[in-house]
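Notes for the one structure printed next.
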Amino acid sequence: RFFAGDPPLFRGKRVLVTAGPTRERLDPVRYFSNYSSGKMGYAIAEAAARFGASVTLVSGPTALPSPDGVETVAVESAEEMYEAVLSRFAETDIVIKAAAVADYRPKYVAASKIKKQPGGYVVEMERTVDILKALGERKTGQILVGFAAETDNLEQYALKKLEEKRLDMVVANNVTEEGAGFAGDTNIVTIFRRDGVVRPLPLMTKREAAEEILKEIHAYIEAIR
Ligand code: CTP
Ligand code: CA
């Protein structure tokens, strides 16, 4: 799985990547979710392994195979992802949170299938835990990288997430741009580093973007140490 030309930038590093959507159950046959395909996170996990890291991928439900050389942990809900990530955090050097975690879940989960009735139906939702924010509050030297999927005010929202979640880096993309976002094989991202470096990347494949993001993390670690 190593190829000539893959730099061993992350040899000896333990990298935890999250990917995909989460599913928030309403009843035994229904859930709330989002359009995340998992492609960006899987590409990062795969590239981190090629760059020599020991990689754990905590993934919500996707159609993708586990990348070569990566330990993949399947989860469903935000709560399960939180537990899977928190339990591994102490033994992790770098966390890259590409997952599209649901912000809300149904407040009540029905034990049996909800039957239709005449008229409308209102679901009461409650907030899920912000996994990345919880990591920011607990970090003891780990590098934290978040994603920001936005439709407007990209820089402003990305920098707000960098601050509020105590991140080292935010990878922001405008999901409304042609060639960017959840479903496709390409992305257009801008990287914002805690030390003020901003790097806008052109349209590229998610595999190429994954390599650029990892190289930027490596450069950042070199710059701050
Ligand atoms: N994230 C998380 N736990 C959540 C929600 C988000 O860990 N419950 C992480 C995502 O994995 C991503 C980052 O936080 O790395 C930003 O996610 P995003 O949805 O863009 O931002 P939010 O903070 O949820 O804010 P909003 O959706 O209101 O823009
Ligand atoms: Ca969100």
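Here are a few things to note about the model shown:
- Looking at segment 117-225, the strands (runs of 3 or more DSSP E) lying wholly inside it that each contain 1 or more residues that are within 16 Å of ligand 1 (Cβ to nearest atom) and either surrounded by 17 or more Cβ atoms within 10 Å (Cβ to Cβ) or over 17 Å from the mean Cα position of the chain (by Cα) (or both) sit at 125-127, 143-150, 169-174, 189-193.
- Per-region count, segment 53-68, residues open to solvent by 20 Å² or more (accessible area, probe 1.4 Å) and either within 15 Å of ligand 1 (Cβ to nearest atom) or farther than 21 Å from Gly136 by Cβ (or both): 8
- Selection status of Glu178, modelled with pLDDT of 95 or more and acidic (Asp, Glu): no
- Of the residues making up segment 80-89, those that are more than 15 Å from Gly136 (Cβ to Cβ) and either more than 16 Å from ligand 2 (Cβ to nearest atom) or of a type in the set (Phe, Trp, Tyr) (or both) are Glu80, Glu83, Ala84, Ser87, Arg88.
- The set of residues in segment 24-45 that are of a type in the set (D, E, K, R) and within 14 Å of the chain's Cα centre (by Cα) contains only Lys39.
- Qualifying residue in segment 200-213 (condition: more than 30 Å from Gly5 (Cα to Cα) and of a type in the set (D, E, K, R)): no
- Test: residue in segment 11-23 that is within 20 Å of the chain's Cα centre (by Cα), more than 18 Å from Val145 (Cα to Cα) and touching a residue at least 24 places away in the same chain (Cβ under 8 Å): yes
- Given (1) surrounded by fewer than 16 Cβ atoms within 10 Å (Cβ to Cβ); (2) over 25 Å from Ile188 (Cα atoms), index of the condition Ala84 fails: (1)
Residues are listed down the side, and each one gets a yes or a no for (1) crowded, with 19+ Cβ neighbours inside 10 Å; (2) within 28 Å of Glu76 (Cα to Cα):
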site	(1), (2)
Pro8	no, no
Val17	yes, yes
Gly20	yes, yes
Arg23	yes, yes
Asp27	no, yes
Asn34	no, yes
Ser37	yes, yes
Gly41	yes, yes
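- With respect to the conditions (1) open to solvent by 40 Å² or more (accessible area, probe 1.4 Å); (2) under 30 Å from Ala180 (Cα atoms), Lys113 falls short on a single one, namely (2).
- Among residues of segment 69-116, those that are touching a helix residue (DSSP H, G or I) at 6+ places or on another chain (Cβ under 7 Å), away from ligand 1 (no atom under 12 Å from the Cβ) and assigned to a loop (DSSP other than H, G, I, E, B), counted: 3
- In segment 118-135, the residues that are within 16 Å of ligand 2 (Cβ to nearest atom) reach residues that are of a type in the set (Ser, Thr, Tyr) and not in a helix (DSSP H, G or I) with C-beta atoms within less than 8 angstrom, at least six apart or across chains, in these pairs: Met125/Tyr104; Glu126/Tyr104; Arg127/Tyr104; Thr128/Thr22; Thr128/Ser77; Thr128/Tyr104; Ile131/Thr18.
- Residue count, segment 93-110 (criterion: away from ligand 2 (no atom under 16 Å from the Cβ), of a type in the set (A, V, I, L, M, F, W, C) and buried (at least 17 other Cβ atoms within 10 Å of the Cβ)): 3
- Asp103 among the acidic types (Asp, Glu) and either on the phi > 0 side of the Ramachandran plot or without any contact (Cβ under 8 Å) to a residue 40 or more places away in the chain (or both): yes
The values are calculated or read from the model by the stated rules, or taken from the named source; none is laboratory data. Note that this is a predicted model, so its numbers are computed, not measured. Every residue, glycine as well, gets a Cβ built from its backbone with ideal geometry; the counts of neighbours run over all protein chains shown. The area values use the complete protein model at the heavy-atom level, side chains included, leaving out ligands, DNA and RNA. Shrake-Rupley method; radii C 1.70, N 1.55, O 1.52, S 1.80 Å.
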